[in-house]
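Notes for the one structure printed next.
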Amino acid sequence: MDYKSIITSNINVACQALGAVAGAVEVPPNPEMGDVAFPCFSLAKTLRKAPPLIAKDVKELICQNATADFTQAVDRVETVGGYVNFFVKKSSLISGVIDEINNAEEDYGRMNEGDGKTVLVEFSSPNIAKPFHVGHLVSTALGSSLERIYRFLGYKTVKINHIGDWGTQFGKLISAYKHWGDRGVIEKDPINELLKIYVRFHKEAEEKPELEDEARHYFKLLEDGDKEVTELWQFFVSASLTEFNRMYRLLGISFDSYAGESFYTDKMPEIVNILKEKNLLEESDGAMVVRFEDDNMPPCIILKSDGTTIYATRDIAAAVYRKRHYDFYKNIYVVGTPQTLHFKQVFSVIGKMGFDWADNCVHVDFGYVRFPDKSMSTRHGDVILLEDLLNMSISKTKEIIAASSTSKDIDNIDELAQKIGVGAVIFAFLKNSRERDIIFTWDDILDFEGESGPYVQYAYARGKSILRKASEMPAESGDSVYEPTNEEFELAKLLNDYSGVVQDAAAKNQPCIITRYTLAVAAAFNKFYNTCNIMKSTGITRTKRIELTNAMCCVIKSALHLIGVDVVEKM
């Protein structure tokens, strides 16, 4: 039931009758003040009247001309000072929410606002020959969630893993392999061994700067298609993708495209030609750049002094290809905050090239993952591997489950520990606004009673346990009139808001809006569970409480799926 729209519509009619334009409605801070409030203060100047008097006039007109849906949804209207407060009919709202969820089931909350529109989401995008560390999980979890959210709203989505498989770093890796690599050793443990020689390259280059020139030479050979160098590069790529896909399977994530930077090597000459034709390229210390005098940005390098391309060149070529290939409505890049300037430059160059769709390219940035007394740097080899982190979370979760009094009722502890352990990490990474840094502590992440993934999963499991018990018990006669409690009503109101929450998350590219919502639903359900004795209630009251529990489970399962977390039936 969209009671807010119903109320707003009736307010608009009343204000028009008074000769004014209605402002926005609010949600009172205290439920005792109503479910929706309309402040009349902004109308005082137009109507030349005190807000409390305007509020009384608005109330009178609404009550006189109330629509049928308003009468069905609203129990009463009160004025307090300059506010008109609306109280929704509890039983009508609860019954309406239950009926909607029962009818829609897993489609509850879905919308078709994106019908006929394609949204591309580029996320994860690890670099070849480097380990998948925890920093990659932010982009991976955030991007996967955004793709699910847009798909839920009816958009056609494309998940792109823009693999970092090109660039000067491959010249460094090839140089390192030539000096210290052993193919047999690398084949047994490719990522770790490639990392070792990559780290060694940087240490050696501090004493022997000529190695940097050698690396640039090897990358130039790679761009020119040298057979030996290309074969080495293909070996690095193949070994790395095998490792990455193992991590993606553990996270339950897949992609529609693995077109990495190398995919666009034959598409970059066209970009350079367009820039030349439009007289946008300028020479700067041997390099070719595009300047942004009006935008107060440093120039964007298109070709380095040795003629090789750079990230920006490849990203521009990728964007042009994607528009032609997918005709996207929105092209989202889920990449860390340090790349903000890079994307501003890239989008500006695309705009200067005459492509008005540059405004549909969006950089969704995010902060760092921070560990107390720890830092991450692939270059220096001090990395916290994602696999190690996830395995530790699974192990710690298993210990917690095994120590609980209900563990004897669980047959598949390993599977359960994996779902909860992996889900706990993903939930923690998506709990707060993406711009904020993530401070990683086990006490917070695996707190089964705090603001965590396990807390929400436990609310779902508790609900499913109630439903199993209810299905085994015969119905009992009793109450013939349903008089819901405040706890039932507050839970139903939250469930009623689900589609709006998902829309808000998409509009702001903030999955944390859904994550926080699941915490609110879990807390409301636990309050309802502890206040209302579901199994000992009778008649229609028991029926409604069981149906409300089922509705909660449906919404929690759907919402957790949108952030990439699995539910568990027992816990």
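The values are calculated or read from the model by the stated rules, or taken from the named source; none is laboratory data. Everything numeric here is computed off the predicted structure, so don't read it as measured data. With ideal geometry, Cβ positions are generated from the backbone for all residues, glycine too; neighbour counts draw on all protein chains shown.
Among the residues of region 506-514, is there at least one that is over 23 Å from residue 92 (Cα atoms), touching an Asp or Glu at 6+ places or on another chain (Cβ under 9 Å), assigned by TED's automatic domain parsing to the domain that holds residue 436 and not in a helix (DSSP H, G or I)? Yes, the conditions are met somewhere in region 506-514.
Looking across 255, 263, 328, one residue alone is within 25 Å of the chain's Cα centre (by Cα), closer than 28 Å to residue 193 by Cβ and buried (at least 16 other Cβ atoms within 10 Å of the Cβ). It is 255.
Within region 331-356, the set of residues being aromatic (Phe, Trp, Tyr) and either within 18 Å of residue 263 (Cβ to Cβ) or surrounded by fewer than 18 Cβ atoms within 10 Å (Cβ to Cβ) (or both) comprises just one member, 333. Based on what the data block shows, is residue 312 crowded, with 19+ Cβ neighbours inside 10 Å, over 25 Å from the mean Cα position of the chain (by Cα) and within 26 Å of residue 140 (Cα to Cα)? So residue 312 passes the test. Taking first residues from region 498-518 that are touching a residue at least 24 places away in the same chain (Cβ under 8 Å) and partners that are polar (S, T, N, Q) and surrounded by 21 or more Cβ atoms within 10 Å (Cβ to Cβ), the Cβ contacts under 6 Å between residues at least 6 apart in sequence or on separate chains come to 511/145. Can you find even one residue in region 44-59 that is in contact with a Pro (Cβ under 7 Å, 6 or more places away or on another chain), of a type in the set (Gly, Ala, Ser) and at negative phi? Yes; the residues of region 44-59 include at least one that is in contact with a Pro (Cβ under 7 Å, 6 or more places away or on another chain), of a type in the set (Gly, Ala, Ser) and at negative phi. Looking across region 47-92 at every residue that is touching a Lys or Arg at 6+ places or on another chain (Cβ under 7 Å) and not polar (S, T, N, Q), the one that is farthest from residue 544 (Cα to Cα) is identified as 84.
For every residue, the table says whether it meets (1) outside any helix (DSSP H, G or I); (2) without any contact (Cβ under 8 Å) to a residue 40 or more places away in the chain; (3) within 22 Å of residue 145 (Cβ to Cβ); (4) of a type in the set (Phe, Trp, Tyr).
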{"site": "414", "(1), (2), (3), (4)": "no, yes, no, no"}
{"site": "422", "(1), (2), (3), (4)": "no, no, yes, no"}
{"site": "426", "(1), (2), (3), (4)": "no, no, yes, no"}
{"site": "433", "(1), (2), (3), (4)": "yes, no, yes, no"}
{"site": "462", "(1), (2), (3), (4)": "no, no, no, no"}
{"site": "467", "(1), (2), (3), (4)": "no, no, no, no"}
{"site": "491", "(1), (2), (3), (4)": "no, no, no, no"}
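Evaluate the following for residue 481: is it modelled with pLDDT of 90 or more and not charged (D, E, K, R)? Against the criterion (modelled with pLDDT of 90 or more and not charged (D, E, K, R)), residue 481 does not qualify.
Looking at 435, 483, 472, 449, just one residue is under 23 Å from residue 336 (Cα atoms) and among the acidic types (Asp, Glu), and that residue is 435. Could you run through region 55-81 and say how many residues are modelled with pLDDT under 95, touching a Phe, Trp or Tyr at 6+ places or on another chain (Cβ under 7 Å) and more than 29 Å from residue 540 (Cα to Cα)? Qualifying residue count for the region: 0. For region 3-41, filtered to residues that are free of Cβ contacts under 8 Å to residues at least 60 places away in the same chain and of a type in the set (D, E, K, R), the residue that is nearest to residue 62 (Cα to Cα) is 4.
With the requirement that a residue be under 18 Å from the mean Cα position of the chain (by Cα) and surrounded by fewer than 21 Cβ atoms within 10 Å (Cβ to Cβ), what does region 441-453 give you? If the condition is that a residue be under 18 Å from the mean Cα position of the chain (by Cα) and surrounded by fewer than 21 Cβ atoms within 10 Å (Cβ to Cβ), then 451 is the only one that fits. Scanning region 104-134 for residues that are assigned to a loop (DSSP other than H, G, I, E, B) and either on the phi > 0 side of the Ramachandran plot or free of Cβ contacts under 8 Å to residues at least 12 places away in the same chain (or both) yields 109, 116, 124, 125, 129.
Restricted to region 274-332, the set of strands (runs of 3 or more DSSP E) holding at least 2 residues that are of a type outside the set (A, V, I, L, M), in contact with a strand residue (DSSP E or B) (Cβ under 8 Å, 6 or more places away or on another chain) and free of Cβ contacts under 8 Å to residues at least 40 places away in the same chain comprises 282-284. Each residue in region 535-546 was checked for being surrounded by fewer than 19 Cβ atoms within 10 Å (Cβ to Cβ) and in contact (Cβ under 8 Å) with a residue 60 or more places away in the chain, and 5 of them qualify. For region 407-433, enumerate the residues that are charged (D, E, K, R) and either crowded, with 24+ Cβ neighbours inside 10 Å or farther than 17 Å from residue 140 by Cβ (or both). Answer for region 407-433, where residues must be charged (D, E, K, R) and either crowded, with 24+ Cβ neighbours inside 10 Å or farther than 17 Å from residue 140 by Cβ (or both): 408, 409, 411, 414, 415, 419.
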